[in-house]
Amino acid sequence: MITEGFSIVTSGGINLYGKSYLPEKNPKAIVCLVHGFGEHMGRYIHVIEKFVQSNLGLYVFDLRGHGKSEGKRGHGSLQKMLNDIQELVILARRDFNDLPIFLFGHSMGGSLVANYLIRMISSEISGAIISSPWFELAFKEPQFQLFLGKIINNTFPSITFPDRLKPEDLAHDQEVGIAYVNDPLVQDKISARLFFDIKSAGKFAIDKANLIEIPLLVTHGEDDPITSKIASQKFAERSIKSEYKIWHGSKHESHNDVHKNDVIDYYVQWVDSQLQ
């Protein structure tokens, strides 16, 4: 595997940290991966390795305010993050002008990918994997907290609060939660602006899913207590060319749970099927 670091400097001067992972021979397609809230691209190394073993190249980066990228921790706006994804796609296209490009987004990254496909209308993308997307949460937010959050969003939108995520909700494999807690690049704060941007973006993605004309693989862990599998199903049903896949025996991070090898193999096979 050939690995090379890169940086993307955004229009606002934020430096985004990224890496490309390529097979030894010429790849048959490129996958741009967008991670979820609070985490970073380093948590996907085992996913990346499986893709590269199947002769697929990966371009990944840490979202602004996450991992090794610059920006206030847990803060950002929807449009700026969509612009960042656009820069990642542009970089991949510059390096591989003649190859199909796919997107892979998990959790918040899944919502960002869906919104990117709807709002940016990029002709560069051949298909997308959307994993346990944050279209809706799997639980009801307390109304008082929502009310207070809206006030803060209108006055001090960059103030951050604990995300209240429970590490044991990520996977049935308890080691996943332990590693998450002990990971120095994981952060647990979210700003009012980012929360309400992603909340609104989830509803928008479901409402406008029919505008996505490329093939989609929409997946969700059956036991996910964080994001809503029902919302994912609604999105998949409204999109034109989608497959909806439930992972039985998985929580939020199916690619990290007890059946992770089967999950990742399925993702690789799905990309391969779009190349035939």
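Where both partners of a DSSP beta bridge lie in segment 2-274, what percent of those bridges are antiparallel, to the nearest 5?
40
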Footprinting exposure proxy for 11, 242 (fewest neighbouring C-beta atoms within 10 Å first): 11, 242
- prompt: Which residue, 249, 202, 65, has the most motion in a Gaussian network model of the chain that connects Cα atoms within less than 10 Å?
  reply: 249
- request: Pop a pseudo-label 7 angstrom from the Cα along the beta-carbon direction at both residue 181 and residue 240 and give the gap in nm to one decimal.
  value: 4.7
In Hz, Karplus ³J(HN,Hα) per residue of segment 224-240 (6.51, -1.76, 1.60; θ = phi - 60°; x = Gly, Pro): 5, x, 9, 10, 7, 6, 5, 5, 5, 5, 4, 4, 4, 5, 8, 7, 7
- prompt: Per the Kirkwood treatment, what hydrodynamic radius in Å, one decimal, follows for segment 2-274 from the mean inverse distance over all distinct Cα pairs?
  reply: 18.5
query: Taking K and R as +1 and D and E as -1, what net charge do the other residues with C-beta under 11 Å from the C-beta of residue 250 add up to?
result: -3
- request: Name the most mobile residue of 179, 128, 114, meaning the one with the largest mean-square fluctuation, in a Gaussian network model of the chain with Cα contacts below 10 Å.
  value: 179
message: How large are Rg and Dmax for segment 35-112 when calculated on the C-alpha trace, in angstrom?
response: 12.8, 36
Long-range amide H partners of residue 32 with built H, under 5 Å: 59, 102, 103, 104
- line: So the FRET efficiency between residue 139 and residue 28, C-beta based with R0 = 41 Å and rounded to 0.05, is 0.50
task: Report the paramagnetic label zone for residue 163: residues of segment 35-57 whose backbone N is under 20 Å from a point 7 Å from Cα along the Cα-to-Cβ axis.
output: 35-48
query: Tally Lys and Arg at +1 and Asp and Glu at -1 over the other residues with C-beta under 9 Å from the C-beta of residue 260: what net charge comes out?
result: -4
query: Which whole-Hz couplings ³J(HN,Hα) result when phi for each residue of segment 200-214 is put into the Karplus expression 6.51 cos²θ - 1.76 cosθ + 1.60, θ = phi - 60°, listed in order with x for Gly and Pro?
result: 5, 5, x, 5, 4, 4, 5, 5, 10, 4, 5, 7, 8, 9, 8
Rounded to whole Hz, the Karplus (6.51, -1.76, 1.60) HN-Hα couplings of segment 168-177, x for glycine and proline: 6, 7, 6, 7, 5, 6, 5, 5, 5, x
statement: Percent antiparallel among DSSP beta bridges confined to segment 1-149, nearest 5, equals 45
Alpha-carbon centroids, segment 1-33 and segment 192-217: separation in whole Å: 25
query: With charges only on Cβ, +1 for K and R and -1 for D and E, what is the dipole size of the chain about its Cα centre, in debye, rounded to 20?
result: 880
- line: Per-residue Cβ contact counts at 10 Å, fewest first, order 139, 102, 51 as 139, 51, 102
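Any read-out appearing in this document is the output of simple, stated calculations on the displayed coordinates, not a laboratory observation. The structure presented is a predicted model; accordingly, all values stated were derived computationally and were not measured. In this analysis, Cβ positions are derived from the backbone assuming ideal geometry, glycine residues included, and neighbour counts consider all displayed protein chains.
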